[in-house]
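I have placed the structure first, in the form of structure tokens, so that the comments after it can refer back to it.
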Amino acid sequence: MPQMIVRGISVPQIQSISTALIEELAQVCSCGTDNFMLECLPTVSIFEGKQVNTYPFIEVGWFERGQETRDEYASVLTKHVLSLGIPEVEIAFRVYREDSYYWNGKLI
Amino acid sequence: MPQMIVRGISVPQIQSISTALIEELAQVCSCGTDNFMLECLPTVSIFEGKQVNTYPFIEVGWFERGQETRDEYASVLTKHVLSLGIPEVEIAFRVYREDSYYWNGKLI
Amino acid sequence: MPQMIVRGISVPQIQSISTALIEELAQVCSCGTDNFMLECLPTVSIFEGKQVNTYPFIEVGWFERGQETRDEYASVLTKHVLSLGIPEVEIAFRVYREDSYYWNGKLI
């Protein structure tokens, strides 16, 4: 963790920003870069009977870190996505409970 | 938002109900049709060692709107899915926190 | 329910453990084996500009069953995943609200 599940942004686009993005996020979170998961999720979006481009959306799954860190995280993530020429992105944070997250069967 | 992530129902099936479905849901939510995201997510379901059809399941991600609107939303969504000849569908709602949802880096 | 959404473990690997896994989980949950959904979700993971193997991760979606059952569930699930020769797996539980989960339009 943190996990980022990306929809509506292509794999090559994410590849092109991944190194600088994760380095900057690691500073925001004061943790190593190897804690981050960055995954593109393929979905098929539908509107008015047609397949359409998926709206750029990133869901961040992590433990609660407070509003200030969350704002900063969203700001960094948004900056890198918009640098791709993408005009809009939405980011939602989802909090995992510490009593419900296991590494190799043990609470972490 | 609202976002609907659909599993176990095919893209053409969702295409065929999408226009009427979203128009009706927009009335339930008192918002424009262009707020809705409707996305099919491909998964491979497994049971007893075999690949099987994925159980029809829709996860709705949105801000809290209360029990009455939720019931009505589920009712409309279910009605359109069952109209495809699908016998069963489960729908779960997931609430995003307003302090954790960003549009272009700003809380919305 | 429970639903298990699997990332970073292949479909044949999950097939090979599915029968024994679900039988054991059904005992943990005191319910029938046909309540379980086990789905592999394909994602593309990215690190340092390259596509990399996805870290083995399973998200369990269910109703709250308490710490003891959760620990036991995680333990059984981990044991079967590690039996595949996979060295690490993370498991997160996500709780559905009973006022927000519908079967065919009705709260269950």
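The values are calculated or read from the model by the stated rules, or taken from the named source; none is laboratory data. Computed from a prediction, not measured in an experiment: that's the story for all the values here. Cβ coordinates were reconstructed from backbone atoms using ideal geometry, including for glycine residues, and neighbour counts include every protein chain displayed. Calculation scope for accessible area: heavy atoms of the full protein, side chains included, ligands and nucleic acids excluded. Shrake-Rupley method; radii C 1.70, N 1.55, O 1.52, S 1.80 Å.
Just add up the charged neighbours of B:Y55: K/R +1, D/E -1, any other residue whose Cβ is under 14 Å from the Cβ of B:Y55.
Details: positive: B:R7; negative: B:E59, B:E88, B:E90, C:D34, C:E39.
Residues close to B:Y55 contribute a combined charge of -4.
Distances between equivalent label points of C:D34 across the copies, with each point positioned 7 Å along Cα→Cβ, amount to 4.7, 4.7 nm, shortest listed first. Across every direction, the projection of the convex hull enclosing the Cα atoms of region A:1-67 has a mean area of 5.4 nm². Phi-derived couplings, Karplus 6.51 cos²θ - 1.76 cosθ + 1.60 at θ = phi - 60°, listed residue by residue for region B:66-72: x, 5, 5, 5, 5, 4, 5 Hz, with x used for Gly and Pro. Less than 11 Å Cβ to Cβ from B:V81, Lys/Arg counted +1 and Asp/Glu -1: what total charge do the surrounding residues give? Summing Lys and Arg as +1 and Asp and Glu as -1 gives -1. Across peptide C:21-27, the average count of Cβ atoms from other chains found within 10 Å of a residue's Cβ is 1. For region A:3-107, the relative contact order is 33 percent, taking Cα pairs closer than 8 Å that sit 6 or more residues apart in sequence and dividing their mean separation by the residue count. Solvent exposure of the protein assembly as shown amounts to 42 Å² per residue of accessible area, where only protein heavy atoms count and the probe is 1.4 Å.
The phi-based Karplus calculation (6.51 cos²θ - 1.76 cosθ + 1.60; θ = phi - 60°) puts the 3J(HN,Hα) values of region B:40-46 at 8, 10, x, 10, 10, 8, 10 Hz, whole numbers, x for Gly and Pro. Mind listing the label-point distances from B:E23 to the same position on all other copies, shortest first, one decimal in nm, points 7 Å along Cα→Cβ? Reported distances to equivalent positions: 5.3, 5.3 nm. Here's the picture: charge each Lys and Arg Cβ at +1 and each Asp and Glu Cβ at -1 in region B:2-108, and of B:T43, B:G8, B:I91 the one pushed furthest to the positive end of that dipole is B:T43.
Please go through the residue pairs A:K79/B:K106; B:K50/C:K106; B:K79/C:K106 and name each one whose alpha carbons sit more than 20 Å apart in this structure.
Too far apart for the 20 Å limit: B:K50/C:K106.
Backbone geometry of region A:57-63 corresponds, through the Karplus equation with coefficients 6.51, -1.76 and 1.60 at θ = phi - 60°, to 3J(HN,Hα) couplings of 8, 10, 9, 9, x, 7, 7 Hz, x marking Gly and Pro.
Carbon and sulfur atoms: what percent of the 1.4 Å accessible area of the protein assembly as shown do they account for? Carbon plus sulfur share of accessible area: 51 percent. Taken as Cα centroids, region C:76-106 and region B:57-108 sit 21 Å apart, rounded to the nearest whole angstrom.
Buried accessible area between A and B (1.4 Å probe, both chains summed, ligands and nucleic acids excluded), in Å² to the nearest 100?
Values: alone 6950 and 6960 Å², together 11490 Å².
Accessible area lost upon association: around 2400 Å².
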